1. In the set B:Leu447, B:Leu412, B:Leu463, which member is surrounded by fewer than 24 Cβ atoms within 10 Å (Cβ to Cβ), at pLDDT 80 or above and farther than 23 Å from B:Val252 by Cα?
2. Given the criteria over 19 Å from B:Val697 (Cβ atoms) and without any contact (Cβ under 8 Å) to a residue 24 or more places away in the chain, does B:Val612 qualify?
3. Quick one: is B:Leu693 farther than 21 Å from B:Leu571 by Cα, outside any loop (DSSP other than H, G, I, E, B) and either under 50 Å from the mean Cα position of the chain (by Cα) or more than 14 Å from every other protein chain (Cβ to nearest Cβ) (or both)?
4. Residues of the stretch B:716-732 being of a type outside the set (S, T, N, Q) and facing chain A (nearest Cβ under 10 Å), which ones?
5. Regarding A:Thr176, is this residue at pLDDT 90 or above and surrounded by fewer than 24 Cβ atoms within 10 Å (Cβ to Cβ)?
6. Using the structure shown, decide if B:Thr316 is of a type in the set (S, T, N, Q) and surrounded by 20 or more Cβ atoms within 10 Å (Cβ to Cβ).
7. Would a scan of the stretch B:86-103 turn up a residue that is under 14 Å from B:Pro235 (Cα atoms), surrounded by 24 or more Cβ atoms within 10 Å (Cβ to Cβ) and under 16 Å from the mean Cα position of the chain (by Cα)?
8. Looking at the stretch B:461-479, which of its residues are more than 27 Å from B:Leu412 (Cα to Cα) and under 37 Å from the mean Cα position of the chain (by Cα)?
Amino acid sequence: MRTLIFATAIRILTPLFLVFSLYILLRGHNHPGGGFIGGLMGSIAFVFHTLAHGTKQTAKSYFSLTFYKYDRKPHHNNLSHALRLLRKNIVRNKKEKPIFIWNYYLLRLRPTYLMAIGLAVAVGSGLVGLVMGKPFMAAYWLKVKIPLVGSVGTPLLFDTGVYLLVLGMVLKMVFTMSKD
Amino acid sequence: MLLVLTICLIMAFTAPWLFKMLGRYVVIPFTLLPFSIFSYLCTFLPAVLSGKVVRFSYGWIPSLGIDMHFMLDGLSLFFALLVTFFGGLVMLYASGYLNGHVLLGRFYLYLTLFMAAMLGLVTSDSIFGLFLFWELTSISSYLLIGFNNEEERVRKSAWQALMVTGMGGLALMAAFILLSLISGSYTFSDLLSMETDITEHFLFLPVLLLLLVGCFTKSAQFPFHFWLPNAMAAPTPVSAYLHSATMVKAGVYLLARMAPVMAGSEVWQYTLVLVGGATALLGAFLALQHTDMKAILAYTTISALGQMVTMIGIGTTVALKAMMVFLLAHALYKGTMFLAAGAIDHCTGTRDVNKLRGLARYMPVTALATTLAALSMAGLMPFFGFIGKELLYEAALNSRFFVWLVFGLTFLTGIGYVTVAVTLSYGIFWNMPRRATKLVHPPGFSLYAPAFILGLLGAAFGLIPRQIVTPILERAVQSISGNELVQLKLSLWHGLTKELGLSVLTILMGLLLYRYLKVVQQKSSILNPLYKFGPNNIYHKAFSGFLLAAKAFITAIQNGNLRRYIIYIILFFSSMMFYVIWRDAPHIDFSSRAQLLQQLPFHDVVIFTLVVAALLFLLGTRSRLTSIVVMGLVGYSAALIYIMFGAPDVAATQFLIETLTVVIFVLLLHKLPAFIYLSHQFNKYKYIAISILFGAVMTYTMLVVQDHTVESELKDYFGKTSVLQAHGRNIVNVILVDFRALDTLGEITVLAVAALGIYALLRMQPEKGDKP
């Protein structure tokens, strides 16, 4: 499946998919959409990326943080060293070889964590009602409206949990299947 | 009370951690815990002795009327004191017995858990609370029996004990539910103070039988006695604590608790007397056949429990007094003997009474303790067992029915006890001191001290019965008989009564039997073939038979052929629908339906044609990729239909799922072998026929459903409240995440579990020996 056009297109399309899936998640309460659809859409973004580039590349591009780091040179003081490090990390000049790369994998092909977090968020949103002295899962809405998101409340949190869980579930299945 | 139980539970679960911190000194907190609870319970003694009932209530499930009620009356307090006092001694003993064991922390965990459960059981006033603790004792007993889990025999014994007592627990739950239905009360105090007589109710007999099954399994009564000797696979502290002093008496406790309510029934009296009597005699007889100390003790325990059950069955005041006194006497002497047996096993490496000789030389304190206990067991004059035996005879002779049968059984059992007592004390400790068995190591303090304390108490209670134990026993008897005026006067000397004569006769006969014990054992080996039909064998047969049947069933139904699974599901579903349609036979007007077809819009026709053409093509294709793509086409068409009917959410989900399915198939496609027809042509037609059947049933069902719309207020309700109460205009989503969020939570949990299951299946490598 490694065709050039598909691979290049997917590289641009995946973030687009992800943003769109978040949009679907947020608009779900008033328009067609919601956590389940959003999660499926988000997972499709990654699935296509996997299809084009392989699981390792997907995990590296989306589920890991890369930090560049090198030792302080004698003529730099601490502050300037920190600033340089910051600049190296923000503006990545690929030609310049960093001395030491610290690659921190957020998920390391373990979308199980996503599932667990999703479930925890969903249950946690239910607990809010319990803390307020109402039954489990009773909705609680904030008074303020946040721009772009709209009114915020525990149902939205619950939907986010569903989103994460669905995302994790599909990724888990797809990553396992395409691994060997 | 709840606080005490909570502390117990917390202590239990910190045990492994404390063991890591304190090493072998972990014994200190765990011995102090039962004794401090013991002293706390002692503070209730004055109140209870003056006739009050101490109660504690906590709300639990108020909507069902189920609350945690605890109550301390004479019976409860007596048992609670027994449990905690024994608990303390056994905890101390366990440190010596399991000295250096790496899992001592875990052992204390189980033991403390058990103690908490037992304490809850005997103090619980609500019947469902009692059931809860009842099951907890079964589970902790399972864990304790299976403590040495490397041995298969041990695992089997533990499993057997759990199966038998667990089955009894289920019967008990049924009994309690029926009982609360009959009487409308959930607590023992309500049951006891009830005006109406429930023995007349038509459900009384089932309640009684279920209750008896529960109590008999727990207290190892015939024919459920077989698990107790097998449970001796547990470490000896466990045997002493659970399987002689406390847990097996839970059944007796419950029978005693229910006695005021049930005792009016003749079924109750006869069953208890007959089963108890049979168990008593059988236990005593079997005890004589064995040479393993723990087996002997186990069978005499069964026998003693049988005697207690008989006494409850007789139900006269004397019988109840005899029951309580004998219970305490038995707990004291049997506890001593068990602890001594464990010490001997630990020090010499054997428990065979034929190999042990003259141990008094090396283990003087244990010898003294065991002898005191044995004299109490045999029922000799100044010991507490003597008072118990006298009362047993008196009760048997004054029974309202079956006088000679009951007395005969009690007398024969008594002879058996004397023989066993002589075997275990004289035979092991004092016989042939010249050729004494060599010790591997001398017993430490914690191995002999608890036994000695118990043995001494048996003697002390006998010498001064009135001052220490009589008041609490009297209150306990009052609780059982439901009569406040019962008085208990214990004394050693009643004058020259016929009970005294019978006691002397029992001892003489017992000594005679001991003289000819070898002969009796040889003669009785004729009975060995009978064991083949014993309940233990039946249990094992039933167990393995059940496993075989389950295996055969599973291999027949779940043979790994996915097509079959789907066929089973579809056929089952279709036959259910057939049955419903045939039974209700709703009428459908096909002609008016057919006319509707003429108004079909053009795009519907297009989609219909598309789907049918795709399906026909699917049947003919021999390429996997083609079939997947064609299936995707069908799915997208379905999504289009959803859109036309105004369900964008469902349509979007359908689109995405179809896409994902195709992508996942593509990912897997190159791993699959080439596409070949494995099935016979005939099978293909069979599958087509089944598919058509299913489609027809579904179509018919849809038509019926459309004709008979269900009136529902939900639609209006959701429509009205969606914006106002849930701040959302998309009703589907509002239902999912707000109105029915709990359902969604369940569904996503199922999704997560399914994903983990798929992961486990995919990662499995059968060629490397992984098993599903």
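The values are calculated or read from the model by the stated rules, or taken from the named source; none is laboratory data. All values reported here derive from a predicted model rather than from experimental measurement. Note: ideal-geometry Cβ built from the backbone for every residue, glycine included; neighbour counts use all protein chains shown.
1. B:Leu463
2. Answer is no for this residue.
3. No: the conditions fail for B:Leu693.
4. Matches in the stretch B:716-732: B:Val723, B:Ala726, B:His727, B:Gly728, B:Arg729, B:Val732.
5. So A:Thr176 fails the test.
6. no
7. The answer is no; no qualifying residue exists.
8. B:Ile468, B:Val469, B:Thr470, B:Pro471, B:Ile472, B:Glu474, B:Arg475, B:Ala476, B:Gln478, B:Ser479, listed by residue number.
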